[in-house]
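Encoded as C-alpha cells, the structure appears first; notes follow it.
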C-alpha cells in the first residue's frame, strides 16, 4: 500500500521519531487536537518534523511519518497518543492554500528511505559491545540509572533509536542522527557525540 502524501505535519523541535519506534505525545494545543481528530477519522497518519535550524517558521528537510497506534481522550479536549514510526520522508513543499485547516500540511517523498520499511540488515556490522560500553560510561558521566537487564533484552535497533530519542543533544545534532543513512552510522554518530562530551569534561577519560 503506498505511503500517503500530502500529510498533516507536526513540527516538534528536539523530538525525533524512527521507523518502528513509538513516540508518546500529549496533545493539548487546539490546532493539534484538530489534527489528531482529523487523523483519527482518516488513516491515522501524522508527519513529525523539526523546525528548520535557521528559520523556525520553516521546516527541516527530513521528517518521519507516524501512525497513531493508540490514543486516550483526556478531559479538557486533550489526547495522549502513541505515534509509531513508519518511514522517514523528504519534505517536498508545504501546501499553503488550506485556509480551513489550523495545522500544517505538506507534500512529502519517501523515495530516499525505502529501506525504512524493512528491518535493518547492517546489525552484524554494529559493535553492540562497544555501544553498550559507551552507554554505560555515559550513564555514569551523566549520573542516571539504567536497567541493564532490560537493555540486554532489547534488540539493537530499538536500543540505538531509543538512546537517540532520549539523548540530550541540540536540534542540529538530533537532525543529523535522524538523517543517518544506516543504523550503524547512527550508532557510530551517537557514540562519537557521547565520547566528545565526556572527553571535554575529563580529557583523561578513556572510552575505547
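Whether any residue in segment 71-79 is assigned to a helix (DSSP H, G or I), in contact (Cβ under 8 Å) with a residue 40 or more places away in the chain and out of contact with any strand residue (DSSP E or B) (no Cβ under 8 Å at 6 or more places or on another chain) is what I want to check. Steps first, answer last, please.
Of the residues in segment 71-79, the ones assigned to a helix (DSSP H, G or I) are none.
No; the residues of segment 71-79 include none that is assigned to a helix (DSSP H, G or I), in contact (Cβ under 8 Å) with a residue 40 or more places away in the chain and out of contact with any strand residue (DSSP E or B) (no Cβ under 8 Å at 6 or more places or on another chain).
So if I check each of 135, 183, 159, which one is farther than 26 Å from residue 89 by Cα, surrounded by 14 or more Cβ atoms within 10 Å (Cβ to Cβ) and not assigned by TED's automatic domain parsing to the domain that holds residue 54?
Matching residue, one of 135, 183, 159: 135.
Filter segment 122-132 down to the residues that are touching a helix residue (DSSP H, G or I) at 6+ places or on another chain (Cβ under 7 Å) and over 15 Å from residue 195 (Cα atoms), then identify the one that is surrounded by the most Cβ atoms within 10 Å (Cβ to Cβ).
For segment 122-132, the residue satisfying everything is 126.
Tally up the residues in segment 160-172 that are in a helix (DSSP H, G or I) and more than 12 Å from the chain's Cα centre (by Cα), please. Full working, then the answer.
Just the residues of segment 160-172 that are in a helix (DSSP H, G or I), to begin with: 160-166, 171-172.
Applying the additional criterion that residues be more than 12 Å from the chain's Cα centre (by Cα) yields 172.
Total satisfying the criteria: 1.
Go through (1) over 24 Å from residue 64 (Cα atoms); (2) part of a helix (DSSP H, G or I) and name the single condition residue 146 misses.
(2)
Would you confirm whether or not segment 64-72 contains a residue that is at pLDDT 95 or above, surrounded by fewer than 21 Cβ atoms within 10 Å (Cβ to Cβ), under 15 Å from the mean Cα position of the chain (by Cα) and on the phi < 0 side of the Ramachandran plot? Walk me through how you get there before you give the answer.
From segment 64-72, those at pLDDT 95 or above are 64-72; that's our starting set.
Still in the list and also surrounded by fewer than 21 Cβ atoms within 10 Å (Cβ to Cβ): 67-72.
Of the ones still in play, those that are also under 15 Å from the mean Cα position of the chain (by Cα) are 67-68.
From what is left, the residues that are on the phi < 0 side of the Ramachandran plot are 67-68.
Yes: one or more hits.
When the residues of segment 53-63 are filtered to those that are at pLDDT 95 or above and part of a strand (DSSP E or B), which remaining residue is surrounded by the most Cβ atoms within 10 Å (Cβ to Cβ)? Steps first, please.
First, pick out the residues of segment 53-63 that are at pLDDT 95 or above: 59-63.
From what's left, part of a strand (DSSP E or B): 59, 62-63.
Working: 59: 20, 62: 17, 63: 26.
The selected residue is 63.
The values are calculated or read from the model by the stated rules, or taken from the named source; none is laboratory data. No experiment lies behind these values; they were computed from the predicted model shown. Using ideal geometry, Cβ is built from the backbone for each residue, glycine included, and neighbour counts are taken over all protein chains shown.
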